[in-house]
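The values are calculated or read from the model by the stated rules, or taken from the named source; none is laboratory data. Predicted model only: the values in this text are computed from it and were never measured. Cβ placement follows ideal geometry from the backbone for every residue including glycine, while neighbour counts extend to all protein chains displayed.
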Amino acid sequence: MRRRDILALAGGGLVALVGAGAAVGALVPVIPRRPLPDLADAVGWIAHRDGRFTLTLPRAEMGQNIATALKQVAVAELGVPWEAVEVELHDTALPRVRATVGSESVMQFAEPLAQACAALRDALAAGRQQGLVEVNPRPFRELRAFQPGGASGTSPEIVHGREIVTGEPLYSADVRLPGMLFGRVLRAPAPVETASRPRRWDIDAALRIPGFVAVVEACGPAIGRARGLGILAERPGVLAAIAEALAVEWDIDKTSRVRDISQVIDIDARLAKGALPHTVLDGTPEPGAWDVDIRLDIPLAAHAPIEPRAAVASWDAGALKVWAGTQDAFYVRDVLADAFKLSTEQVTVQSCRIGGAFGGKTICTVEAEAAALSKAGAVPVKVQWTRAQEFALGFHRPPSSHRVQARVVDGKVTDWGHGQVSSHILFTAAVAPAWMQRGTDLLLGDGGVARGMKAPYELGRAQARYDAERLSVHTGPWRGLGAGPNGLAIESAIDEAALAAGIDPLAFRLAHVSDVRLAGVLRRVAEIAEWGRPPAPSAGLPLRNRTGRGLACGVYKETSYAAVVADVAVTPEGQVKVTKLWCAHDCGLVINPDQVRAQCEGNLVWSIGMVLSDNLPVEAGRVVAETFADAPIPRMSDTPPIVVDLVVGKTTLSGAGETAIVAGPGAIANAIRAATGQRPVRFPIDPAGFALAP
Amino acid sequence: MFLILNGAPQSIPEDWADETLLSLLREAYGLSGAKFGCGVGICGACTVIVDGVATRSCVVRAGDAQGLTVRTIEGLGSAEALHPVQQAWLAAAVPQCGYCQAGQIMLAVALLEQTPRPSATDVETALDGNLCRCGTYERIRAAIQQAVELS
């Protein structure tokens, strides 16, 4: 419990600091509150009525299949059959639980849930049937869920699996209410950081469209500084026709300065202006020439869940109910209460299964649009963003530019330097206005940019520093936060250092690793991939293809570990195909091995995307991608056979949702280096740079 | 106007004729299995089977389904009597978020009806157009092979 207390203090301190420094009450945005779970709350997660148990899931379900893992914990601790426990997704009547972020659900919620279930089990055994059960925590080792034969190590049919394969309604866009209309909020084709508002529109043209209902000026808060114009229709397909007919003219602030992202996110240009302000590793490298000195540039990238965010809103006697696919129903509730001048008791947000989130569905956007349009129309309203809105109005993985340097003496790194310039992640511009970011920049930096920047090696005099720049496009948490890009940069440089030293990359890493769990996954992946053997010739591919094998590893949030080996084939034209991936993964005690594997698989497919395709195009300061053709994601044909091996611990619980992404991209990049002799430094890689000379 | 929906005639309301087939299914009929993902036929989350052919329902005008046979995931099997593809999908625990999976399943069903024993290349050619951001592709491949064995 000690670790939790420390974290809780840090979280509380942050909110107080920002609030107190602001002194402009009305302008202070609603800040997400993220209390750690305590046992008093956990009582509300599990209930017994008429012989059946209800597990009210204290997490959002977005494909990590946490409903299954936590049900396993409850069933094992209660000592009841699988069928005896019904899982319900929470609404905001539940005591506040923190956002479902950071791969924390098993790490932070499994034990309190087990404690609550143990107390409920004992109370039932003592003959109690009514009232609230007080939870007196017992030692971890006494919890049945985590003992051998308890919850861990099994993979039952996933919760919601049957509904998914039969098409039952689960997602927010599946909600239908009597009399429901369909809404959309139009916004200017301008950067979200540039003030814009509708000036005039052709209402007569809209009135001629069958199914048109209304134009709504009071359509909810701005997104960034983009104010919208709402429309309501009887059928969803009418919305696009109305938007076109209205031909809205926009007032767009011409004085707003839009800086070119490639000029702002340029580590060398930034270093030329002076030292980076935030320190992750505080060593002082000795001056002199570097053996490794590489610059890596990683662009803006979308979360691109297949489900564009959606919400259904309905008002009843001044109270608001919203169905949402959100990672933080409580934050959405708080923003809605603030926006519509309601008490939090007057707003209920029902969590629905989320069709992919990856960190992107943590803010309140479409929910406020639906609520405003429903209020204006006095009927229930459904709003689902278009794919173009997802790209234009969401926040994204920030672009980052890295310079990584290493000096190698007698096979060991003696000096290390890593400088990075990126944009904000934890203090996302999607929530924090510029003045607030100036405060957080001054006092705190941005832990999201810093995440994973502390290389997991003994590197002598090691320095790592960064800066975060506010951009015209909103950036924020994206699977792994900074750890994905930082891992790619670090693992690329370590590989170059091994080459400079003339030492095998596995042996070189092991010589610099002091953490036994990291060494463990490295040795395990070397074993399953038969490291040291040349990569398998790529079956069916042309003989002129070059093949290569790469290795990388990493630690996520100091709690979970992964090592990855990648094989690639590179065509004469420089096209890269990943032909096989192996991953060894250690997140401690595993509740559901199959779903931990599934998370590793997902992370590895994301790793392929990070190296080969992720890129969100921006022109004149705004995202111009409108479809998946403009911002492609990995396909089946990009995905090779994947082998995942789990190193399983006995007691420690940690996370799996974002771990392998710290190692996968580096392994693929290193395999490309091995195949071609060229170090990939600009991502996604341009095949032309890896083509054979004609 | 009518179509044959999962084996039974169903009228297409006059004012829904200019909607997409996807909207008609989801919002007029309340069949929530097929999903909106991109609206331009790229991602495949809206895939249904029209006259035996896997079809992107987000780019088909509802009125153009007049007289056609439309099969959605709701018509495949019931929770108690699942279609072999649905069974295989559960056995392989394919879904992560699950949002694209109805489209993937309908595409797999159409493939197996045309090609009961597809090669790995057949599977990849047929399924490559359906996107899954969670990255379940390896399990989709495995589930299709399992479905072949179950059928």
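How many residues does the stretch A:643-668 hold that are within 20 Å of B:ARG139 (Cβ to Cβ) and surrounded by 22 or more Cβ atoms within 10 Å (Cβ to Cβ)?
Narrowing the stretch A:643-668 to residues within 20 Å of B:ARG139 (Cβ to Cβ): A:643-646, A:656-661, A:664.
When the remaining residues are screened for being surrounded by 22 or more Cβ atoms within 10 Å (Cβ to Cβ), the result is A:644, A:656-661, A:664.
Number of matching residues: 8.
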**Failed condition for A:THR154, given (1) more than 14 Å from chain B (Cβ to nearest Cβ); (2) more than 25 Å from the chain's Cα centre (by Cα)** = (1)
**Request:** Report, by residue number, each residue of the stretch A:349-359 that is within 16 Å of A:PHE330 (Cα to Cα) and in contact with a strand residue (DSSP E or B) (Cβ under 8 Å, 6 or more places away or on another chain).
**Result:** A:VAL349, A:GLN350, A:SER351, A:CYS352, A:ARG353, A:ILE354
**Fill in**
Scanning the stretch A:151-188 residue by residue, the ones that are hydrophobic (A, V, I, L, M, F, W, C), farther than 13 Å from A:THR68 by Cβ and assigned to a loop (DSSP other than H, G, I, E, B) total 5
**Identity of the residue in the stretch A:74-117, assigned to a helix (DSSP H, G or I), among the hydrophobic types (A, V, I, L, M, F, W, C) and surrounded by fewer than 22 Cβ atoms within 10 Å (Cβ to Cβ), that ends up modelled with the lowest pLDDT** = A:MET107
**Item:** Among the residues listed as A:LEU444, A:LEU426, A:LEU481, A:LEU471, the single one being more than 20 Å from A:ARG673 (Cβ to Cβ) and free of Cβ contacts under 8 Å to residues at least 60 places away in the same chain
**Value:** A:LEU426
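Here is a list: B:SER119, B:SER151. Which entry is within 13 Å of another protein chain (Cβ to nearest Cβ), surrounded by fewer than 24 Cβ atoms within 10 Å (Cβ to Cβ) and more than 28 Å from A:GLN64 (Cα to Cα)? First the steps, then the outcome.
Values: B:SER151 fails: within 13 Å of another protein chain (Cβ to nearest Cβ).
Of the residues listed, the single one that is within 13 Å of another protein chain (Cβ to nearest Cβ), surrounded by fewer than 24 Cβ atoms within 10 Å (Cβ to Cβ) and more than 28 Å from A:GLN64 (Cα to Cα) is B:SER119.
Tell me the strands (runs of 3 or more DSSP E) entirely within the stretch A:335-421 that contain at least 1 residues that are more than 30 Å from A:ALA67 (Cβ to Cβ). Quick ask: steps written out before the conclusion?
Values: elements: A:347-351, A:381-384, A:400-409.
Because the criterion is at least 1 residues that are more than 30 Å from A:ALA67 (Cβ to Cβ), the strands (runs of 3 or more DSSP E) in the stretch A:335-421 that meet it are A:400-409.
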**Prompt:** Restricting the search to the stretch B:35-54, which residues are surrounded by fewer than 20 Cβ atoms within 10 Å (Cβ to Cβ), closer than 27 Å to A:ALA631 by Cα and either touching a Lys or Arg at 6+ places or on another chain (Cβ under 6 Å) or of a type outside the set (Val, Ile, Thr) (or both)?
**Reply:** B:GLY41
**Prompt:** Has the stretch A:665-677 got at least one residue that is without any contact (Cβ under 8 Å) to a residue 24 or more places away in the chain, more than 28 Å from A:GLY150 (Cβ to Cβ), touching a Leu at 6+ places or on another chain (Cβ under 8 Å) and within 14 Å of another protein chain (Cβ to nearest Cβ)?
**Reply:** no
**Request:** Could you please find all residues in the stretch A:212-236 being more than 17 Å from A:TRP385 (Cβ to Cβ), of a type in the set (Val, Ile, Thr) and away from chain B (no Cβ under 14 Å)?
**Result:** A:VAL215
**Request:** Enumerate the pairs (first residue in the stretch B:41-68 and within 13 Å of chain A (Cβ to nearest Cβ) and on the phi < 0 side of the Ramachandran plot; second residue anywhere and acidic (Asp, Glu) and outside any strand (DSSP E or B)) with beta-carbon separation below 6 Å, excluding pairs fewer than 6 apart on the same chain, so at least 6 apart or on different chains.
**Result:** B:ALA62/B:GLU19
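Can A:TRP435 be described as surrounded by fewer than 24 Cβ atoms within 10 Å (Cβ to Cβ) and in contact with a helix residue (DSSP H, G or I) (Cβ under 7 Å, 6 or more places away or on another chain)? I'd like the intermediate steps shown before the answer.
On the way: surrounded by fewer than 24 Cβ atoms within 10 Å (Cβ to Cβ): yes; in contact with a helix residue (DSSP H, G or I) (Cβ under 7 Å, 6 or more places away or on another chain): no.
So A:TRP435 fails the test.
Could you check the stretch A:438-521 for helices (runs of 4 or more DSSP H) lying wholly inside it with 3 or more residues that are over 22 Å from the mean Cα position of the chain (by Cα) and surrounded by fewer than 22 Cβ atoms within 10 Å (Cβ to Cβ)? Can you show your working first?
Values: elements: A:447-450, A:483-501, A:505-512.
Output list reads A:483-501, A:505-512.
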**Message:** Pairs needed: first member in the stretch A:626-649, hydroxyl-bearing (Ser, Thr, Tyr); second member anywhere, in a loop (DSSP other than H, G, I, E, B); C-beta distance under 9 Å; at least 6 residues apart or different chains.
**Reply:** A:THR627/B:CYS38; A:THR627/B:GLY39; A:THR627/B:VAL40; A:THR627/B:ILE42; A:THR627/B:CYS43; A:SER637/B:ASP128; A:THR639/B:GLY135
**Request:** Specify the residue that is surrounded by the fewest Cβ atoms within 10 Å (Cβ to Cβ); the eligible residues are those in the stretch B:17-34 that are within 20 Å of A:THR386 (Cβ to Cβ) and facing another protein chain (nearest Cβ under 7 Å).
**Result:** B:ASP18
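Can you work out which of the residues in the stretch B:69-98 that are more than 10 Å from every other protein chain (Cβ to nearest Cβ) and in contact (Cβ under 8 Å) with a residue 24 or more places away in the chain is nearest to A:THR68 (Cα to Cα)?
So the first thing to find is which residues in the stretch B:69-98 are more than 10 Å from every other protein chain (Cβ to nearest Cβ), and the list is B:69-71, B:81, B:84.
With the extra rule that they be in contact (Cβ under 8 Å) with a residue 24 or more places away in the chain, the set shrinks to B:69-71, B:84.
Numbers: B:THR69: 37, B:VAL70: 33, B:ARG71: 30, B:PRO84: 23 Å.
Filtering the stretch B:69-98 for residues that are more than 10 Å from every other protein chain (Cβ to nearest Cβ) and in contact (Cβ under 8 Å) with a residue 24 or more places away in the chain, the one nearest to A:THR68 (Cα to Cα) comes out as B:PRO84.
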